[in-house]
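The next block holds one structure in the form of structure tokens; read it before the comments.
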Amino acid sequence: MRKQASLASIYKLRASAHSPMVRDHAATMNRGLNIYLLFTVSWFLHLGMRLPFLGLIRFDLLLVVVLTYLAFVGKGDTGTRLTSTDKILRILIAYSILTIPFVYWPGSVINTGIGNFIKAIVFYYFTVAFVQTEGDLKKFIFVFVTCQLWRILEPLYLHITQGYWGSAASMTNWEYLYRLSGAPNDIVNPNGLAFIICTVLPFLYFTALLSWKGLLVSILLTPACIYTLTLTGSRSGIIGLFIIFLGIIAKAKRRVMWMISVVIIVVLVFPLLSADMQDRYLSIIGRGEKNAGTAEGRVTGVIDNFMAALHRPIFGHGLGTSQEVNANFIDVDMPAHNLYAEIAQELGFVGLVLFMVLLKSIYVGFHECKRAYSQQDSSPFLRQLVECMQILLLMNFIFSFASYGLSSYEWYFLGGMSVSMQRLAMEVQDKGKASQGHNE
């Protein structure tokens, strides 16, 4: 962990409580965190669509400009070194830009690809810059989870009160299955809504372990989230839910109780679904009839996606061009529904290797955090949050076999959380060593 970052210079600054540099840095970071929380709310709840005036003035873009200044210009020199995640992400960004002359559609990269990629990676840099203390983490996680819960409960409310669905999937004999998607102001398809639910569930579980209030919130919201998930008709969402349950069981002390609970939930909930929805979920294990074709199509589609990537195997076709690749080479006008095929198409297999190394660095970061928090007298919140983030990372990894997302926020959110929590873990370790040395 010491190889990843050094906080000695920060501690020297903090040692002087009356230093103007310390006061200015703390004030800048506090302002930055508050603006970052506002940006998080605006981004995930699409305030620009809900309030046209904010959309007219490009509110999100203005916040990004301010946050970028505070993160890279206004914070001053803290003397911190780059972590491995920092280095790998910088290499990935540089590779994506420097290879533009060699990709198949450089114009598409410049027009849309780079812009969408930047919108995603800001979550890494802003999280690292402004989420620096345990209190910052609590605020950020609270705002983040609350926004995701809003995105889940809003379409559920519309479905119950107005019969809203938002999407439909084709089956055999020209039949269609209605599927719940995001609310009208939230442009997210059923699989995207299922992903949001799978993102929230680990937080709800580990929140329940912290206090009776957290337990009450989890008891009230978890059934609503799972019910909403079943309405999406998302097979990848059900697989993601299964991965979450496996992660919870692996970390839980009462594993038998959890396994029995899962079986009971499945036995009670599955018969309540419509026949078409049951058929769709049974198609995951090859038992469905009306939805079997679409399930098989997902598998063959991934193979075709990788074959299309071989047209530009080294440098790829360019950021954000997956849909163009499929439309031109395999006559499918949609992006690859597999993150790793998408990256191979857009950045080539070299870019795919770089991305996998990035995922490894995030995994190692959380693993080091868990080891540090388990060895020291750290707060229950940090210990539980590490467990949550590990399950979330695993769920994202598995979910991405049926979903695109190179230019989606989740990977860079996870990376930023990993680095911020490593920083706190090192503080815990150094404080423990200082206390031990003082006692000696």
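The values are calculated or read from the model by the stated rules, or taken from the named source; none is laboratory data. Model, not experiment: these values are computed from the prediction. Don't worry about glycine lacking a Cβ; one is built from the backbone with ideal geometry, like all the others, and counts go over all protein chains shown.
Name the residues in the stretch 340-386 that are small (Gly, Ala, Ser) and surrounded by 22 or more Cβ atoms within 10 Å (Cβ to Cβ), would you? Once the filter is applied, which keeps residues that are small (Gly, Ala, Ser) and surrounded by 22 or more Cβ atoms within 10 Å (Cβ to Cβ), the stretch 340-386 yields ALA341, ALA344, GLY348, GLY351, GLY365, ALA372. Pairs linking a residue in the stretch 354-371 that is more than 12 Å from MET417 (Cα to Cα) and at pLDDT below 95 to a residue that is among the hydrophobic types (A, V, I, L, M, F, W, C) and surrounded by fewer than 18 Cβ atoms within 10 Å (Cβ to Cβ), with Cβ atoms under 6 Å and 6 or more positions apart or on different chains, are GLU368/MET1.
Checked against the criterion of being of a type in the set (A, V, I, L, M, F, W, C), in contact with a strand residue (DSSP E or B) (Cβ under 9 Å, 6 or more places away or on another chain), within 24 Å of SER283 (Cα to Cα) and touching a residue at least 12 places away in the same chain (Cβ under 8 Å), the stretch 245-256 has no qualifying residue. Take THR172 and tell me if it is farther than 19 Å from SER42 by Cβ, out of contact with any strand residue (DSSP E or B) (no Cβ under 6 Å at 6 or more places or on another chain) and at pLDDT below 90. The answer is yes for THR172. Scanning the stretch 129-167 for residues that are hydroxyl-bearing (Ser, Thr, Tyr), within 25 Å of GLY214 (Cα to Cα) and modelled with pLDDT under 95 yields a total of 1. Comparison of ILE152, ILE121 shows that the only residue that is touching a Cys at 6+ places or on another chain (Cβ under 7 Å) and in a helix (DSSP H, G or I) is ILE152.
Here is the figure for the stretch 408-427: residues that are charged (D, E, K, R) and more than 16 Å from SER374 (Cα to Cα) total 1. Filter the stretch 178-212 for residues that are surrounded by 20 or more Cβ atoms within 10 Å (Cβ to Cβ) and assigned to a strand (DSSP E or B); which is modelled with the lowest pLDDT? Restricting to residues being surrounded by 20 or more Cβ atoms within 10 Å (Cβ to Cβ) and assigned to a strand (DSSP E or B), the top hit is ARG179.
Comparison of LEU137, LEU158 shows that the only residue that is in a helix (DSSP H, G or I) and in contact with a Phe, Trp or Tyr (Cβ under 7 Å, 6 or more places away or on another chain) is LEU158. Within the stretch 56-71, is even one residue assigned to a helix (DSSP H, G or I) and among the basic types (Lys, Arg)? No, there is no match, as no residue in the stretch 56-71 is assigned to a helix (DSSP H, G or I) and among the basic types (Lys, Arg). State whether one or more residues within the stretch 213-220 are under 22 Å from LEU394 (Cβ atoms), under 22 Å from the mean Cα position of the chain (by Cα), assigned to a helix (DSSP H, G or I) and touching a residue at least 60 places away in the same chain (Cβ under 8 Å). No - not one qualifying residue is present in the stretch 213-220. For the stretch 50-61, taking the residues that are of a type outside the set (Asp, Glu) and under 23 Å from the mean Cα position of the chain (by Cα), the one that is surrounded by the most Cβ atoms within 10 Å (Cβ to Cβ) is identified as PHE59. Could we say that HIS337 is part of a loop (DSSP other than H, G, I, E, B), in contact (Cβ under 8 Å) with a residue 60 or more places away in the chain and buried (at least 24 other Cβ atoms within 10 Å of the Cβ) here? Against the criterion (part of a loop (DSSP other than H, G, I, E, B), in contact (Cβ under 8 Å) with a residue 60 or more places away in the chain and buried (at least 24 other Cβ atoms within 10 Å of the Cβ)), HIS337 does not qualify. If I filter the stretch 184-202 for residues that are in contact with a His (Cβ under 8 Å, 6 or more places away or on another chain), aliphatic (A, V, I, L, M), in contact (Cβ under 8 Å) with a residue 60 or more places away in the chain and more than 20 Å from GLY415 (Cβ to Cβ), do I get at least one hit? Yes, the stretch 184-202 has at least one match. None of THR228, THR232, THR222 is β-branched (Val, Ile, Thr), at pLDDT 90 or above and surrounded by fewer than 20 Cβ atoms within 10 Å (Cβ to Cβ) except THR222. Go through the stretch 371-414 and give me each residue that's closer than 17 Å to THR85 by Cβ, in contact with an Asp or Glu (Cβ under 9 Å, 6 or more places away or on another chain) and assigned to a helix (DSSP H, G or I). Those that are closer than 17 Å to THR85 by Cβ, in contact with an Asp or Glu (Cβ under 9 Å, 6 or more places away or on another chain) and assigned to a helix (DSSP H, G or I): LEU392, ASN396.
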